[in-house]
1. Given the conditions (1) in a loop (DSSP other than H, G, I, E, B); (2) modelled with pLDDT under 50; (3) within 23 Å of GLU58 (Cβ to Cβ), and given that GLN122 satisfies all but one, which numbered condition is not satisfied?
2. Out of all the residues in the stretch 32-58, which are part of a loop (DSSP other than H, G, I, E, B), surrounded by 14 or more Cβ atoms within 10 Å (Cβ to Cβ) and at pLDDT 90 or above?
3. Specify the residue that is nearest to ILE178 (Cα to Cα); the eligible residues are those in the stretch 3-31 that are among the small types (Gly, Ala, Ser) and part of a loop (DSSP other than H, G, I, E, B).
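The values are calculated or read from the model by the stated rules, or taken from the named source; none is laboratory data. These numbers were taken from a predicted model, which means no experiment stands behind them. In this analysis, Cβ positions are derived from the backbone assuming ideal geometry, glycine residues included, and neighbour counts consider all displayed protein chains.
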Amino acid sequence: MSTLIVDVSESSEDFSTWTNQDFISEETRYIIANADILITPLVDFRESAGPTFERGTELILASLRKRLPNDITVDICVNDEDYFELSLNSKYKRLGKFVVTAIVLPIFVNVIADLISENSSQKKDKNIDSTAVSKEVPAFMKPATVSISITVVNKDRSSKQIEIEGESSEVIETLRSIDNILNNGKQTLRDGNTDRDNRK
């Protein structure tokens, strides 16, 4: 039985929420100030001393920079010397937390969906040598279930957060229809054959 959870909510978070964090230096703040896509950390997570990222975040950053158009800027909210990854033990493999401008959202989600799709196809194809699989795709994206959190910031600085968890095929489908989900302004929980929609 497949499970898909999509949670949409209003958010007070935007890019300035992260560029004004105390753990960001003036130099880093200047660099990330004009980002269209910002990968954000977990803060005060468990006993970690500082900002923490999901395992494989640097590889995702490299993949986004390689695949996105040159006029779209993607960066990571941390000083280089403070970067730290944590591997979380969970049935869901977390792709991370992203803050994205509404104007680049369609391109961003398609790139993420393509990364998941390509990796899923590689895993299922028995004729592909696992040692030959591109290093561009993080290993933790290979399992069938994934999760991702995206905060979408509009021109008026209003924001919505969408959190998605489920089988890779369902997450891909959801990402490709994210505009419709956000425009409907609703929270959806689908568990097996049961659907529940709670309009905000």
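1. Among (1) in a loop (DSSP other than H, G, I, E, B); (2) modelled with pLDDT under 50; (3) within 23 Å of GLU58 (Cβ to Cβ), the lone unmet condition for GLN122 is (1).
2. The answer is ALA35, ASP36, PRO41.
3. Out of the qualifying residues, it is SER12.
Yes/no per residue for (1) modelled with pLDDT of 85 or more; (2) out of contact with any helix residue (DSSP H, G or I) (no Cβ under 8 Å at 6 or more places or on another chain); (3) assigned to a loop (DSSP other than H, G, I, E, B):
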residue: ASP156; (1), (2), (3): yes, yes, yes
residue: VAL171; (1), (2), (3): yes, no, no
residue: THR174; (1), (2), (3): yes, no, no
residue: ARG196; (1), (2), (3): no, yes, no
